[in-house]
1. For B:Phe97, B:Phe195, A:Phe138, B:Phe150, what ranking results if the residue with the fewest other Cβ atoms within 10 Å of its Cβ goes first?
2. What value, in deg cm²/dmol to 500, does the helix sum -39500 (n - 2.57) over DSSP H runs of n ≥ 4 give at 222 nm once divided by the residues of the protein assembly as shown?
3. Taking a virtual spin label 7 Å from the Cα of A:Tyr267 along the C-beta vector, which residues in region B:244-278 bring their backbone nitrogen under 20 Å of it?
4. Would you be so kind as to identify all helices of chain A, as entire DSSP H runs, whose Cα atoms reach 24 Å or more along the helix's own axis and whose mean Kyte-Doolittle hydropathy is at least -1.0?
5. Given points 7 Å out from each Cα along the Cα-Cβ axis, report the A:Ile96 to A:Phe213 separation in nanometres with one decimal.
6. Could you derive backbone 3J(HN,Hα) for region A:241-251 from the dihedral phi with the Karplus parameters 6.51, -1.76 and 1.60 (θ = phi - 60°), listing whole Hz in sequence and x where the residue is Gly or Pro?
7. Just the ratio, please: alpha-carbon radius of gyration of region A:66-208 over 2.2 N^0.38 Å, N its number of residues.
8. Per residue of B:197-203, how many C-beta atoms from partner chains lie within 10 Å of its own C-beta, taken as a mean?
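Bear in mind that the values in this text are calculations on the coordinates, not laboratory data. Remember, it's a predicted structure, so these values are computed and weren't measured experimentally. Reconstructed Cβ throughout: ideal geometry from the backbone, glycine too, with neighbour counts over all protein chains shown.
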Amino acid sequence: MAAQATSAAAPETDAAGLGKARATAFVTPALLLVGAFLVFPALWTLYLGITDYRLTGIAAADPQIVGLQNYTDALTDPQFRNALALTLLFVLGSAIVGQTVLGFSIAWSMRAVPKTVKTVVESLVLLAWILPSSIVAFLWIAYLNRDNGTLNSVLGTSGFDWLLGHPMLSIIVFNTWRGTAFSMLLFSAALNAVPPSQLETARLAGADTFAQFRDVVFPHIRGHVLTNTLLISLWTFNDFSPYLLTAGGPNHASETLPVYIYNSALYSGELGYGSAISLIMLLINLLIAVFYLRLLKDRRS
Amino acid sequence: MSTTTPAPVEQPTEPGPRRTSEPPRRAAMSRRRRKSSDDQAARGGPLWALFAWVLTLLFFAPVAWMVLTSLHKEADAATNPPSLLAPLTTGNYGLLFDRGVRPFLINSATASILSTILVLALAIPAAYALAIKPVEKWTDVLFFFLSTKFLPAIAALLPIYLIVKDLGMLDNVYTLVILYTSMNLPIAVWLMHSFLAEVPREILEAAEVDGAGLLRVLWQVIRPIAMPGIAATALICFIFSWNEFMFAVNLTATRASTSPVFLVGFISSQGLFLAKLCAAATLVSLPVLIAGFAAQDKLVRGLSLGAIK
């Protein structure tokens, strides 16, 4: 942050003698690649979304412009509204409640234990984050298996299929387990910055744990809470991995937006319709992103 | 994450009344952590310890089960509760190679390693120029990179699928290399910029006064300082590429498929032959586990830095 502030104050100091020309040459290749493979496809989504493009058949060879048809279809389609509602539930349950609460609890409690314990616990939580989602999905499928899964053995509910009976709960718990590490690390760093002397003072003044948290800890970590909430909400919103657990089923009961796009565009072949929904998702993302970047810039200046 | 002081020796926790009678300590900044951890431990040690155990179980048990089951015979893996002490065997792994897991692993390695090298080659110069800031308004360029992190991958998938199909590049591992490179570039630029912004400008100015050329500055001044940052960035990019599933499953078929795709296919073809599946899962996660644990501290630093800054 300090270096940031210095360089912001004197934007034109060219400390290393890099020069504009060479600096531009340094940045351009990366910009071009990102432009070609991230920004350009996003723009093409805009075009695809107003066509009746299909994966196979006549509309694949000669797609027609259908205007806003796909968008009106989407907004009146109960399936789309279902997916949107499920996505919001997924974000609320697994990111905002699950990961944030669990991540904070771990970060908070690990201040109290010896350093070795803290390191071990943090590594194990990180383990869940490092593993490929395909593997985490497999572990959960085995764990929730109706016949010989561990959960049914523990609860004595052999024969119950969790992925069919409680699909949303399953993917919410799955995503909480997998993603908690990020919140934990972030809050762990944030809590290091809370001056213990202030906590001490609050305690001496007779403040209980909740009051200490509200009046001393929270004001210090507010920025981190915000950053964390926005980032994990975005990731969860765009996360495709629920597909690996339930594929959106049974009967669309866990079909979040990315899974819905996949199912309608690549499974049913309605590329135009899928693109329109992609663009709606993109707009929701942009809204959150603009909000986030503005906050970030405010914090820096 | 890390404090500059070495970890103090843990004092025995004292249960009982709060230490309100103790005169307030004149704790120096360097003793901050110790003080706070003492206070916390004095208040709720056993409870937090229990919580730590529960967490360990919650997060480690599934992975431990996976590794252990992968070393069991199929018959032992099927028992319920799982037989922990069953004889160990590496037979399942041999079987995986008989089933042709090798090309998938090679594809994954190619896509991850090549894209990581490309990302570094492109991101380091870009981040360096952005950190040194010889051009006005480059903060906007930086924010442009950051903003692409907000593009949902699923939205890019459909146009990319069509483009790749038209170019005849479906089922080609180099398609994945290029995609993973552009996917990880914004994160890498952002991370490297955060690291390079911490290089003291005085050092750079001194080097220029001494007449060091650009290459010498980069190699002799920047490189040693930036090495941990480069390592963290490389690790994160490697892990992201190795784990990527959505593009891999949709853009490849037989020749260029990566190991996560192999695993998912294997699950549906093998039902719940647990030992075999666990061996496959362990094998596929091994590279990222090694990468993660070899440099956990760097990874943690990279993640925190990337998010907070």
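1. So the residues, fewest neighbours to most, are B:Phe97, B:Phe150, B:Phe195, A:Phe138.
2. It lands at -22000 deg cm²/dmol.
3. Residues passing the 20 Å test: B:245-253, B:261-271.
4. A:167-192, A:218-238, A:271-300
5. For the pair A:Ile96/A:Phe213, the computed spacing is 1.8 nm.
6. For region A:241-251, the Karplus-derived couplings read 5, x, 4, 5, 8, 10, 6, x, x, x, 6 Hz, x marking Gly and Pro.
7. Relative to the 2.2 N^0.38 Å estimate, region A:66-208 comes out at 1.42.
8. Averaged over the peptide's residues, the number is 4.
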